[in-house]
Amino acid sequence: MRKKYVAQSLIKRLSETTSRRLDLKKTLILGVVLKGLPVAYSLARMNSVVENFVPTVAHRPLYMQHHVESYFPSLEWTAYFRGRLNRCETLLIVDDVVNTGFTKQKLESIVYSLTKEIETHMQFAALILNRKNLANQSFVGSNDLFALQVDAIEVECDWGLITVPLWDLPVKEALMQCEEYFQRFWLSEKRFINIAY
């Protein structure tokens, strides 16, 4: 059996859940490039807090699927991240789907190492949690936020063109690229998530 969801509707649901739990004006929203970026940016834009959005890259080599490297698109983003973090009470890591949970675990540990000198509360949010492929139940915390939880064979997201060129761009230009991508692929078109059970 297959079910199709409109991604924008799930983001709206995630936004409602998140804004009930957190003050998004005091929350730094960390979007995981590539697939988590549109979810995080949409969340920030919906709540008029784009200045609190920061992209981070999660790279998983094909030959080492459990190994995840994470970094910011440029040194300017690293400085921007630290500056915004000093003004925020909560750090929210946002991704599209949690499948095995390895990317989530690695990102949380990397972000923790970046923020250990600053007292901040860390949260995680994603559109979908797929419990069927979860490597360890402890990878998901009771405070984690999800728009939808499934027990599926496969979760496939159609994000349109997912290459948003952010590398080595100044923060202002990179945010303009995110906005352009958002308007082209998320405002003018419906994005779909297909789930196979």
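Identify all residues within segment 73-113 that are basic (K, R) and within 21 Å of L145 (Cβ to Cβ); write none if there are none.
Once the filter is applied, which keeps residues that are basic (K, R) and within 21 Å of L145 (Cβ to Cβ), segment 73-113 yields R84, K104, K106.
Residues that are of a type in the set (S, T, N, Q), over 22 Å from A7 (Cα atoms) and at pLDDT 90 or above: which strands (runs of 3 or more DSSP E) entirely in segment 82-197 hold 1 or more of them?
The qualifying strands (runs of 3 or more DSSP E) are 90-98.
Please work out if V140 is under 22 Å from G83 (Cβ atoms) and buried (at least 18 other Cβ atoms within 10 Å of the Cβ).
When the stated conditions are applied, V140 does not pass them.
The values are calculated or read from the model by the stated rules, or taken from the named source; none is laboratory data. Note that the coordinates shown come from a computational prediction; the quantities given were computed from them, not determined experimentally. For neighbour counting, all protein chains shown are included, and Cβ atoms are generated from backbone atoms with ideal geometry for every residue, glycine included.
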